[in-house]
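The values are calculated or read from the model by the stated rules, or taken from the named source; none is laboratory data. Nothing here was measured: the structure is a model prediction, and the numbers come from that model. Cβ atoms come from the backbone with ideal geometry, glycine included; neighbour counts cover every protein chain shown.
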């Protein structure tokens, strides 16, 4: 039998987009701490939600399933009466379910420039207009942690930099030779490097590994999302292109530097206090020097260290 006290959350598809909706999940949980949250997500990114401690049912929305698939999903959702339902896609599904409150995104320019601020307009009527937006969150599971421990055991202990040299579009990729130059410039500040990415990034990762001056492993394409997240969580810092991996790192409280060429960094940069960005001149990544990224990374880490020391004083 399904739990009586539940909420419904319909999230987005890609990894980065999904992570930018986790501040809403956190806010819903804080508003309704005794509720489980049923989540409708995409199969390609939903694995990241499995360890969420307040997850109820995890259901998939498959665009390719057409009207029959949508009807099947609606029937599953109608098995439960929800205290609140939030739809970050089209709000169509929530018209067919049983819910006391409904939240949909508003077309409000005053919400703020970042996508997370826009998403949060869907919650204002549910959690209150003055609710502060939480940081993005990711959760880890025991198998992922165990796999990460095994993978990272091949590297020396100490300061570990994780690098993501790939992206889902070639125009977003900073040249791998520049990543190699970056590693040379910060070789005295780190003890090892982990290269992460998808299967499409394996050859790119191997190229960078061959150029790295530090002990380096390339795990691109060889881990699940949760295993990659567990490896990221063990990082001292992260540097990567505009991709879901940067959002994952920031959500895991890892100091993060994201390299932006084409794109909208004000809207799509990782959400949270430990995230920094480097903008390529004229959005041309080939014009971005390794020295600029190295300076940003080291000054970013120094600021964080100073802030932490100040809080602990």
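Quick one: in region 246-264, which of the residues that are in contact (Cβ under 8 Å) with a residue 12 or more places away in the chain and surrounded by fewer than 18 Cβ atoms within 10 Å (Cβ to Cβ) is nearest to residue 23 (Cα to Cα)? Even if it seems obvious, please write down each step before you answer.
Quick first cut of region 246-264, residues in contact (Cβ under 8 Å) with a residue 12 or more places away in the chain only: 246-263.
Next cut, surrounded by fewer than 18 Cβ atoms within 10 Å (Cβ to Cβ) only: 253, 262.
Working: 253: 14, 262: 26 Å.
Filtering first and then ranking leaves 253.
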If residue 290 satisfies all but one of (1) touching a helix residue (DSSP H, G or I) at 6+ places or on another chain (Cβ under 6 Å); (2) closer than 29 Å to residue 44 by Cβ, what's the number of the condition it fails? (2)
Applying the selection to region 177-203, what residues are surrounded by 22 or more Cβ atoms within 10 Å (Cβ to Cβ) and within 30 Å of residue 44 (Cα to Cα)? 179, 193, 194, 195, 196, 197, 201
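Is it true that residue 90 is in contact (Cβ under 8 Å) with a residue 24 or more places away in the chain, exposed (fewer than 15 other Cβ atoms within 10 Å of the Cβ) and under 30 Å from residue 270 (Cα atoms)? I'd like the intermediate steps shown before the answer.
Working: in contact (Cβ under 8 Å) with a residue 24 or more places away in the chain: no; exposed (fewer than 15 other Cβ atoms within 10 Å of the Cβ): yes; under 30 Å from residue 270 (Cα atoms): yes.
Answer is no for this residue.
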Matching option when the condition is within 18 Å of residue 103 (Cβ to Cβ), surrounded by fewer than 17 Cβ atoms within 10 Å (Cβ to Cβ) and either assigned by TED's automatic domain parsing to the domain that holds residue 227 or in contact (Cβ under 8 Å) with a residue 24 or more places away in the chain (or both), among 5, 44: 5
List pairs: first in region 211-236 and in the same structural domain as residue 183 (by TED's automatic domain parsing) and surrounded by fewer than 22 Cβ atoms within 10 Å (Cβ to Cβ), second modelled with pLDDT under 95 and not in a helix (DSSP H, G or I), Cβ under 7 Å, 6+ apart or cross-chain? 217/154
